[in-house]
Amino acid sequence: MAGSGSDIPPVPTRPEQAPAPRIGVDEWVATHEARRDLGRGLVGVVRRELERVPRPGFYLAFAVAAALLPVVTSNGYVIRVGFDTLLYMLLALGLNIVVGYAGLLDLGYVAFYGFGAYGYAMLASPKFGLHWSTLAVVPVVVVATAILGFLVALPSRRLLGDYLAIVTLFFGQLFVTVVQNGQAMSFLGFTRPYDVTGGPNGIPDIDPFNAFGGRISSLDGYYYAALAIFLAALAAVYLVDQSRTGRAWKSLREDALAAELMGMPVNRLKLVAFAFGAAIAGLTGTLFAALNTAVFAADFDVPTLIIVYAMLILGGAGSLGGVILGALIVNVSLEVLRTPGHATWVFYGLLAATLVVKVRPWRWLAAVVVGTAGLGFAAHAVAAAAWPRGVHGEPAVGGVLGSGLRHWVLLPTDPRTIGNVAFVCLVLAVLWVTTLRGWAQKLALVPTLYLAAFVWENRLIDEPSVTRLILVGVILIVLMNARPQGLVGSARVEIV
Amino acid sequence: MSGTGDQVSTDGEHGSPNGEPLLVLEGIDTFYGPIHILQGLNLEVRAGELVCLLGGNASGKSTTLKTILGIVEPRNGTVRLEGEDVTRRPTSYRIRKGIAIVPENRRLFAPMTVLENLEMGAYLHGGGSKEDFERVYSLFPVLYERRSQLAGTLSGGEQQMVAMGRALMAKPKLLLMDEPSMGLAPILVERSFEIIKQVHEAGVAMLVVEQNANVSLSIADRGYVLSTGRLVLEGKADELRENEDLRKAYLGR
Ligand SMILES: Nc1ncnc2c1ncn2[C@@H]1O[C@H](COP(=O)(O)OP(=O)(O)O)[C@@H](O)[C@H]1O
Ligand SMILES: [Mg+2]
């Protein structure tokens, strides 16, 4: 290919000495953006220093910290949350290849996770009397999931973004439906119906991980297994990321036509990314099945998908460190928010953080805080005199925050209806505040903040399962406003 | 460097006298839906030649390049590369035959470094050898200094150099350039054409698409003038420069 005579002659001189014309030499302009992005002052110094640590250094630090978790605590709940977080990290790692690197919107991703889990369950449980060794099951399941991923992507490989999204979404729902109704499947109607997936009862009594005669039976053991598998997968993905294939993925996500014009086999690269991501999801599924000893279709439905996407986007799609951070933050937040007391702290923390970031200068901020506090105490005093029912309740959180709130926020005895009305008012008020500017906005902020506290204490606190999701949503929105590229994702650089 | 010098001819303006031209377009009709864009286009580029294709906005210049690359298929006519009819061949095949392009608006991979951009240019050659990089750096010393900077943060002129360097990494026999002067300050336009000339003198055949007739004719061997999808003029560059119509239409003097 390259051997024809039209090659350009070799370099005449060292690059620096070549007498070539130099155009566009303007270092300051060129590096300005990069400098600004790192910031000034102490933050800038820290960031610049961190920038110099090679990335594997961070991963090593994470590995050490994660490995120490079961050492510093023997609390089974904490380790269980750690295990789940590692599973999510694995899932986000695989999705990162598909979405972050290759730029393919895969909405059927958790079906591959489910496929891996069910694959393990079928090959290592009394369901079909198969009790394969883990060393056999895991490779078989991973390869099978990769092939399945390949087959799902194959028909839609020519179709771009939106089509792939729909095809994969369809596939994901198909998986859930088939598995849920798989207790009486017959092959094209010719055979008698077989119970393949256990239907709504799932597959129970799954074997634990076992190899060389030993088996993993403790939670700590699974935690370390998940950690080891995650680190191995991370290393593999890191190496691919640093390879030419990794950079080819990145470039075709940036500009598929330009990539094609460089001679890259765009379709093949996409297929490989899709199958690679699916394989990691399948691998994660085996871990999930082995620890839980039972699998049900509902674990692999849309809610899981949304959580994994939230992790990826929060951390910054395309960044491996972001995968770790995103999974950690989202999963730990979801756990913390299960307890209303914790959730209250998070709620007021978020309010405070938003105020600090959004209300400037600090004199305005002080005025808003003082105004809101004053409004609360005044309202409380008035209500205590004129409407005793309005101050009878108890805040859900105890301690300092609780006793402060008791004298500040109105807590009617039967808050359901009034809470609902207030909720609607709050939504309207927030919309209204965002349309205002200047001092009018600051002024309107005062009653809105108080209303928010009222709605929280009287309504949202009663529905922790809903509130938790709302709060995580709010956290995502706030973070996205602060860092649109994700926590550690690099800024998307536009050519202007 | 292999010692086959038969295709590179630096002796005459018209490239190699032996064998087929590198690129031949014959009677090309290209449509976008019902709209007839290119109308009976004939064009050729010989080995080692620098040809410019001039034309105003929306005259079909980019469409010509897309037809050459197979991004759009012509309804009639043939595209020949080194004598082989590639009209029904996919883009990848034509790229592998040795065409590279500096696309309109450059289309760099903005969040990737200069080095990575160059590497992607040599994707078909395993990412490029040390010599390939050295050769590009000798043409564009600035790129060597900026090799670990993100391409999207470069100045316009530097981006133009990355785009050219990236295309040259593929060691093309024929380099297509779509409006290299677009978006550059006048002084940068002249300098980038000096570089184009330098690349050409190194033996790469080029088809340069331009609106800027003055500067492109000053370095080209031959030129074509396109107007609403038809060729209205063609000839040697110096003859075209003296042509009354062209002067009126493009040179403004
Ligand atoms: N993808 C497309 N679909 C429809 N029409 C197009 C497309 N691309 C270009 N055209 C039309 O074809 C004509 C020639 O376009 P082009 O070759 O890009 O012109 P230029 O000479 O400026 O490069 C223009 O009128 C343009 O609007
Ligand atoms: Mg154009």
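Every read-out reported here was derived from the displayed coordinates using simple, explicitly stated rules and does not represent laboratory data. Model, not experiment: these values are computed from the prediction. Cβ sites come from the backbone with ideal geometry, for glycine too, and all protein chains shown count toward neighbours.
Here are the numbers for this structure:
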quantity: Peptides A:275-286, B:152-163, A:406-417, A:322-333 ordered by average Cβ neighbours within 10 Å, highest first; calculated: A:275-286, B:152-163, A:322-333, A:406-417
quantity: Label zone at A:Leu479, where the point sits 7 Å out along the Cα-to-Cβ direction: segment A:312-351 residues whose backbone N lies under 12 Å; calculated: A:312-317, A:322-334
quantity: Segment A:312-440: translational diffusion in µm²/s, Stokes-Einstein, Kirkwood Rh over Cα pairs, 4 °C, 1.567 mPa s; calculated: 74 µm²/s
quantity: Convex hull volume per residue in cubic angstrom - Cα atoms of the protein assembly as shown; calculated: 234 Å³
quantity: Order by protection proxy (mean Cβ within 10 Å, highest first), peptides A:354-360, A:246-252; calculated: A:246-252, A:354-360
quantity: Computed [θ] at 222 nm, deg cm²/dmol, chain A (DSSP H ≥ 4; -39,500 (n - 2.57); rounded to nearest 500); calculated: -22000 deg cm²/dmol
quantity: Percentage relative contact order, chain B, counting C-alpha pairs under 8 Å, at least six apart; calculated: 25 percent
quantity: Förster radius 22 Å - calculated FRET efficiency between A:Ala378 and A:Val400, Cβ distance, rounded to 0.05; calculated: 0.55
quantity: Counting all C-alpha pairs of segment A:144-270, share separated by more than 24 Å (%); calculated: 58 percent
quantity: Cα gyration tensor, chain B - rounded (a/c under 1.5), prolate or oblate; calculated: rounded
quantity: Under 18 Å from the Cα of B:Lys197 - aspartates and glutamates, other chains or at least 8 residues apart; calculated: A:Asp7, B:Asp11, B:Glu13, B:Glu49, B:Glu158, B:Asp178, B:Glu179, B:Glu210, B:Asp221, B:Asp238
quantity: Approximate spin-label separation A:Trp362-A:Phe128, in nm, with each point projected 7 Å along Cα-to-Cβ; calculated: 6.8 nm
quantity: Segment A:55-336, dipole about Cα centre (Lys/Arg Cβ +1, Asp/Glu Cβ -1), debye to the nearest 20; calculated: 580 debye
quantity: Computed over segment A:55-336: relative contact order in percent, which uses C-alpha pairs under 8 Å that are six or more apart; calculated: 37 percent
quantity: Prolate/oblate/rounded call for segment A:55-336, Cα gyration tensor, a/c under 1.5 rounded; calculated: oblate
quantity: Separation of the B:Glu104 and A:Val53 label points, Cα + 7 Å toward Cβ, nm; calculated: 4.7 nm
quantity: Segment A:392-460: proportion of alpha-carbon pairs further apart than 14 angstrom, %; calculated: 60 percent
quantity: Among the listed pairs A:Lys270/B:Lys61; A:Lys127/A:Lys270; B:Lys61/B:Lys173, those beyond 26 Å (Cα-Cα); calculated: A:Lys270/B:Lys61; A:Lys127/A:Lys270
quantity: Loop trypsin sites (Lys or Arg not before Pro), segment B:33-133 (other Cβ atoms within 10 Å of the site Cβ: 15 or fewer; DSSP); calculated: B:Arg75, B:Arg88
quantity: Chain A, relative contact order in percent, only Cα pairs under 8 angstrom and at least six apart counted; calculated: 19 percent
quantity: Hz values of 3J(HN,Hα) by residue in segment B:79-84 - Karplus curve (6.51, -1.76, 1.60), Gly and Pro given as x; calculated: 10, 10, 10, 6, x, 8
quantity: Average beta-carbon neighbours from other chains, 10 Å sphere, peptide B:164-173; calculated: 3
quantity: Peptide ranges A:117-124, B:23-30 listed from the most packed, as the mean C-beta count within 10 angstrom indicates; calculated: A:117-124, B:23-30
quantity: Test item: B:154-162 mean partner chain Cβ contacts at 10 Å; calculated: 5
quantity: Whole-Å distance, taken between Cα centres, linking segment A:121-181 and segment A:82-111; calculated: 14 Å
quantity: Net lengthening on full extension, A:Asp205/A:Ala63 (0.36 nm per residue, minus Cα-Cα); calculated: 48.0 nm
quantity: Estimated inter-spin distance, B:Leu233 and A:Ala232, nm [label 7 Å along Cα→Cβ]; calculated: 7.0 nm
quantity: Shielding of B:126-137 by partner chains, average beta-carbon count, 10 Å; calculated: 3
